[in-house]
Amino acid sequence: MTDLIRTDALEATVLDVTVLEDAAADVCAAGIPGIFAEVRVGDDVWRGAAGVADLVTRAQVTPGMRHRVGSISKTFVAAAVLQLVERGAVELDAPIRRYLPNLVPGDRGDAITVRMLLDHTSGLADYLPTAYTSLAAFPVVARTSPRSIDDNRFTRFDPLDLIEMGVRAPAAAAPGTSPGRYSNTNYLLLCRLIELITGVSAEQHIDAAVIARADLADTGFPSGPEVDGPHSRLYESWFGMNPPLSDYSVFDMSWVGPAASLISTTADLNRFFAALLAGDIIGPEMLTQMQQTVPVVSFEGTIVDYGLGLHRKDVPGQGTFWGHDGSVWGGGAITMARADGKRQMTVAINRQRWSELDDSGRPTPHPIDRALDAFHRVAFGAEASMRNVEPPR
């Protein structure tokens with residue numbers, strides 16, 4: 001299923017619908033049940049989907065489906081915090097102990113700043129391997145299992161307990177160390193900071209100050225374990241340990257709270273990031289702060305350029321893009337917007353951790369990796385740029 005809204009005929013050669021459709025079909029052929037996306041180039045908008053939303057009924061995915069977008073939520077949290085900085089209610093380089101003395105006590109509370117939580121240089125460990133006991137050995141994947149994911153489908157976690165797990169765990173690094181280490185503990189602390197300053201829940205404040213401000217009609221936090229509205233099933237492989245694929249589309253998201261539980265659509269995410277980069281959510285000074293990046297080690301062990309709730313990606317021939325990716329059990333998404341606002345892509349998929357392990361216990365490359373990378377290149381416009389480069393003579 002595909003839809004193209006074209007308002008400028010001059011863009012016809014820039015947004016290649018056939019190439020996008022073929023690349024989406026290739027992702028499904030490689031093993032993703034369903035993919036749906038929205039790509040914007042100038043005033044042109046392509047909304048497309050391929051594959052199925054449900055492996056049992058074979059119902060098709062559609063471009064407008066709502067989806068758990070995981071850590072893309074962190075950009076919304078960061079924007080809400082930076083609004084509080086603009087108001088003078090929070091100081092970006094103040095120690096977190098000033099605001100949350102009981103949650104990060106002692107010398108670490110004095111050394112860790114609000115900025116370090118935002119850009120993952122706090123050194124605080126992630127709580128997840130403690131909360132999910134069968135993942136305790138992560139990132140040594142071969143010594144993990146999906147058992148505790150199954151066990152916690154309907155567990156209602158207390159965010160204060162999760163924060164305590166992260167703070168009590170051995171530190172990933174000293175505060176301010178480069179590269180930083182990605183940690184959900186950082187953003188649960190930021191959610192508590194929002195609640196302390198505003199007097200309402202982080203979900204309520206983000207909804208009013210960020211989501212409503214960007215006029216996102218299909219975006220919000222879950223009220224229960226189910227996704228409201230049209231949505232896909234979410235299938236988790238856990239590195240080949242979940243045959244057949246486990247359906248985690250119904251799941252209590254308190255294990256990540258507002259830091260990664262947002263539900264949205266590809267259209268809303270593109271709308272939000274366009275507004276953010278245009279200065280409509282936070283002002284120019286805070287946007288500049290948001291785009292000051294440091295190297296951060298992701299969960300996958302790769303180094304990413306990370307700002308204050310934003311990733312930076314430089315695409316050959318297309319310039320600099322800003323955005324975020326995210327995953328939950330069974331679902332994933334990525335959203336990126338070019339710095340000039342003239343090109344955007346948001347992509348959602350309904351399978352996660354598809355790589356299987358080799359004899360040494362390490363994840364191996366999978367055809368899905370190549371197919372997704374190819375789709376991203378097309379959506380970024382990198383493929384078109386490469387085709388326009390003259391071959392060497």
### Protection-proxy order for peptides 38-49, 313-324, each taking the mean of Cβ atoms within 10 Å per residue, highest first
38-49, 313-324
### Message
Once neighbouring chains are kept in place and the probe is 1.4 Å, which whole percent of the accessible area of the stretch 215-270 is contributed by carbon and sulfur?
### Response
51
### V296, V140, reordered so the largest accessible area comes first (probe 1.4 Å)
V140, V296
### Query
Which parts of the stretch 132-164 would a label at E356 reach, counting a residue when its backbone N lies under 16 Å from a point 7 Å out along Cα-to-Cβ?
142
### Summary
For the chain, averaging the sequence separation of alpha carbon pairs under 8 Å that lie six or more residues apart and dividing by its residue count, the contact order in percent is 23
### Task
Would you calculate the separation in nanometres between label points at V140 and Q291, each defined as 7 Å from the Cα along the Cα-to-beta-carbon direction?
4.3
### Message
Charges on Cβ only, +1 for Lys and Arg, -1 for Asp and Glu, centred on the Cα centroid of the chain; of V90, G106, V19, which one is farthest towards the dipole's positive end?
### Response
G106
### Message
Given a 1.4 angstrom probe, what's the average accessible area per residue across the stretch 318-357, in square angstrom?
### Response
26
### Query
Per residue, how much accessible area does the stretch 1-150 show when a 1.4 Å probe rolls over the protein heavy atoms, in square angstrom?
39
### Task
Please list the radius of gyration and Dmax for the chain, considering alpha-carbon atoms only, with Å as the unit.
20.4, 67
### Query
In debye to the nearest 20, how big a dipole does the chain give about its Cα centre with +1 on each Lys and Arg Cβ and -1 on each Asp and Glu Cβ?
460
### Query
Roughly speaking, to the nearest percent, how much of the stretch 28-178's 1.4 Å accessible area is carbon and sulfur?
52
### Task
Work through the residues other than G109 whose Cβ is under 12 Å from its Cβ and net out their charges, Lys, Arg +1 and Asp, Glu -1.
+1
### Task
Sort C191, C28 from largest to smallest accessible area, using a 1.4 Å probe on the heavy atoms of the protein chains.
C28, C191
### Query
Any idea what the relative contact order of the stretch 61-215 is, in percent, if you count C-alpha pairs under 8 Å spaced at least 6 apart?
28
### Query
Can you list residues whose amide H is under 5 Å from R181's amide H, if they're 5+ apart or on another chain and H is modeled 1.01 Å from N?
S122, G123, V297
#### Entry: Kyte-Doolittle mean at least 0.5, axial Cα span of 18 Å or more - DSSP H helices of the chain
17-30, 73-86, 184-198
#### Entry: Qualifying trypsin sites (Lys or Arg not before Pro) in the stretch 91-196, DSSP loop, other Cβ atoms within 10 Å at most 13
R153, R156
#### Entry: the stretch 300-338-the stretch 228-257 distance, computed between alpha-carbon centres (Å)
22
### Query
Whole-Hz Karplus ³J(HN,Hα) for the stretch 105-110, in order, using 6.51 cos²θ - 1.76 cosθ + 1.60 and θ = phi - 60°, x for Gly and Pro?
x, x, 4, 5, x, 7
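The values are calculated or read from the model by the stated rules, or taken from the named source; none is laboratory data. Just so we're clear, the structure is a prediction, and the values are computed from it rather than from any experiment. Cβ sites come from the backbone with ideal geometry, for glycine too, and all protein chains shown count toward neighbours. Areas reflect the complete protein model, heavy atoms only, side chains present, ligands, DNA and RNA absent. Shrake-Rupley method; radii C 1.70, N 1.55, O 1.52, S 1.80 Å.
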